[in-house]
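If you scroll down you'll find the structure; I have some questions about it.
The values are calculated or read from the model by the stated rules, or taken from the named source; none is laboratory data. Everything quoted here is computed from the prediction, not taken from an experiment. Quick reminder, even Gly has a Cβ in these numbers, built from the backbone with ideal geometry, and neighbours come from all protein chains shown. What goes into the accessible areas is simple: the full protein's heavy atoms, side chains included, and nothing from ligands, DNA or RNA. Shrake-Rupley method; radii C 1.70, N 1.55, O 1.52, S 1.80 Å.
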Amino acid sequence: MFINWAKREISVKIVYYGPGLSGKTTNLEYIYSKIDPSYRGEIVSLKTKDDRTIFFDFMQFELGSIRGKKPHFRLYTVPGQRFYASSRKIILSGADGIVFVADSQRNRLRENLDSMLDLEQNLIAEGRSMADLPFVLQYNKRDLDQILAVGLLQKKLNFLNAPYYEAVANRGIGVVETLKMTIQLVIEDIERKLRA
Amino acid sequence: MIPMNERSGSQKMIILSEEQFLEISALITSLKGKLNSRLVIFGDMDGQLIAKNGEIPGLDVTVFTALTASDFSATKEMARMVGSQNEFKLHYHEGSHQHLYVAAVGTQFFLAVIFDPSVTLGMVRIFTKKTLEKIDKILETQPVEEAQITQMIDSEFKSFVKDDLNKILG
């Protein structure tokens with residue numbers, strides 16, 4: 001988190017984490033499409049030639065001035081594929097909040113678990129932990145046939161009892177709700193830390 | 001050295017005071033003038049744009065800052081992987097019409113200068129180095145008053161954020 005007191009700007013970083021092809025980029029693209037251009041900058045996607053995220057996707061948006069204070073939100077996704085471990089570590093650095101986009105498909109449970117473990121290991125390497133960070137889970141692809149029940153996903157993935165949302169990111173379902181909850185948790189967390 | 005006001009243990013929370021911002025902005029303006037550069041950016045390694053002077057039509061400076069910071073971090077990681085003990089302190093990209101010079105300020109910040117080929121790299125290095133040293137000194141001092149920091153977020157702020165998010169995201 002960064003506060004520029006001269007400009008009364010507060011800027012937070014939210015990172016979308018999760019396994020490859022779970023829908024992280026789709027979340028960002030939907031948010032970008034929803035926000036009026038006067039409130040947001042460009043979206044940048046560093047992708048391979050077959051459209052997979054190689055480094056990160058990024059966009060920033062801001063709200064109007066709130067009694068002179070201007071909140072800015074920087075949203076990043078990490079590349080989900082296993083071999084981009086270093087990129088994930090770099091992007092995760094300085095995150096104020098995390099959205100974990102899980103793939104609900106039955107045959108992707110292992111990848112979700114591996115990605116969750118990878119997240120915690122990267123946080124530990126920074127002296128942090130999932131338990132200390134604003135954290136929201138999104139169970140994506142709820143429109144597909146071969147998916148696991150939410151109850152089972154909750155049991156397997158949500159051991160922190162974090163807020164969670166069911167989503168169909170390519171139709172925008174659950175995307176905005178996930179982001180709003182994450183921002184709310186981040187702001188509460190910052191307030192707590194500023195007063196500590 | 002603890003640059004600016006860092007709080008909350010391992011989670012980064014950086015607070016730039018009004019004086020720090022104004023002094024850094026003045027240094028960046030002066031550097032831009034000396035090098036006749038098109039754009040000078042001061043950002044943090046997590047991709048946050050802090051101050052800038054100049055502009056390039058069509059360039060989204062926020063995105064550019066995020067990319068520059070990630071580029072720096074990626075190179076640092078590459079250095080670590082090949083066993084380099086020293087972090088890379090600067091980057092230089094030579095283009096046909098514009099060059100980009102990026103230098104680290106401590107471990108947390110960087111300064112990026114976009115300049116045209118009529119300016120020699122030596123000049124850029126000398127003036128940038130002097131500016132970096134001055135910025136480093138500014139970052140060591142002038143913490144924000146505790147009372148001011150806690151004013152940043154209150155219940156009214158939280159409720160306005162909620163309303164504004166509903167407005168722009170539906």
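I'm told B:Arg125 meets every condition in (1) part of a helix (DSSP H, G or I); (2) crowded, with 19+ Cβ neighbours inside 10 Å; (3) more than 10 Å from chain A (Cβ to nearest Cβ) except one. Can you identify the failing condition by its number?
(2)
May I ask you to verify whether A:Gly41 is more than 30 Å from A:Val150 (Cα to Cα), open to solvent by less than 20 Å² (accessible area, probe 1.4 Å) and within 7 Å of chain B (Cβ to nearest Cβ)?
no
Let me ask something else. Would you please name the residue that is nearest to the other protein chains (Cβ to nearest Cβ), looking only at residues in the range A:25-38 that are out of contact with any helix residue (DSSP H, G or I) (no Cβ under 8 Å at 6 or more places or on another chain) and surrounded by 15 or more Cβ atoms within 10 Å (Cβ to Cβ)?
Taking the range A:25-38 as the starting set, the residues that turn out to be out of contact with any helix residue (DSSP H, G or I) (no Cβ under 8 Å at 6 or more places or on another chain) are A:25, A:28-29, A:32-33, A:37-38.
When the remaining residues are screened for being surrounded by 15 or more Cβ atoms within 10 Å (Cβ to Cβ), the result is A:25, A:28-29, A:32.
Details: A:Thr25: 15, A:Leu28: 13, A:Glu29: 14, A:Tyr32: 11 Å.
Checking each candidate, the answer is A:Tyr32.
Next question. Suppose we filter A:Ser93, A:Ser65, A:Ser87 for residues that are surrounded by fewer than 17 Cβ atoms within 10 Å (Cβ to Cβ) and within 14 Å of chain B (Cβ to nearest Cβ); which single one remains? Give the derivation first.
Working: A:Ser93 fails: surrounded by fewer than 17 Cβ atoms within 10 Å (Cβ to Cβ); A:Ser87 fails: surrounded by fewer than 17 Cβ atoms within 10 Å (Cβ to Cβ).
Just a single option satisfies the conditions, and that option is A:Ser65.
Can I ask one more? Out of the residues in the range A:187-196 that are part of a helix (DSSP H, G or I) and open to solvent by 50 Å² or more (accessible area, probe 1.4 Å), which is farthest from the other protein chains (Cβ to nearest Cβ)?
First, the residues of the range A:187-196 that are part of a helix (DSSP H, G or I): A:187-195.
In the following step, the residues that additionally are open to solvent by 50 Å² or more (accessible area, probe 1.4 Å) were identified as A:188, A:192, A:195.
On the way: A:Glu188: 7, A:Arg192: 9, A:Arg195: 6 Å.
Going through the qualifying residues, I end up with A:Arg192.
Anything in the range A:96-116 that is under 25 Å from A:Ile190 (Cα atoms) and more than 10 Å from chain B (Cβ to nearest Cβ)? List them, or say none.
Here is the first cut: in the range A:96-116, the ones under 25 Å from A:Ile190 (Cα atoms) are A:96-101, A:116.
Scanning the range A:96-116 gives A:Gly97, A:Ile98, A:Val99, A:Phe100, A:Val101, A:Met116.
Working only within the range A:173-186, note down all residues that are of a type outside the set (S, T, N, Q) and open to solvent by 10 Å² or more (accessible area, probe 1.4 Å).
Narrowing the range A:173-186 to residues of a type outside the set (S, T, N, Q): A:173-177, A:179-181, A:183, A:185-186.
Scanning the range A:173-186 gives A:Ile173, A:Val176, A:Glu177, A:Lys180, A:Met181, A:Leu185.
Okay, next question. Is it the case that A:Ala169 is within 25 Å of A:Ser87 (Cα to Cα) and touching a Gly at 6+ places or on another chain (Cβ under 7 Å)? First the steps, then the outcome.
Numbers: within 25 Å of A:Ser87 (Cα to Cα): yes; touching a Gly at 6+ places or on another chain (Cβ under 7 Å): yes.
Taking the combined requirement at face value, the residue satisfies it.
Can you pull out the residues in the range B:24-59 that are among the acidic types (Asp, Glu) and crowded, with 17+ Cβ neighbours inside 10 Å? Lay out the reasoning, then the answer.
So the first thing to find is which residues in the range B:24-59 are among the acidic types (Asp, Glu), and the list is B:44, B:46, B:55.
Within the range B:24-59, B:Asp44, B:Asp46 qualify.
Quick one: which strands (runs of 3 or more DSSP E) sit completely within the range A:4-116 and have at least 3 residues that are touching a residue at least 40 places away in the same chain (Cβ under 8 Å)?
Qualifying strands (runs of 3 or more DSSP E): A:9-17, A:70-77, A:97-103.
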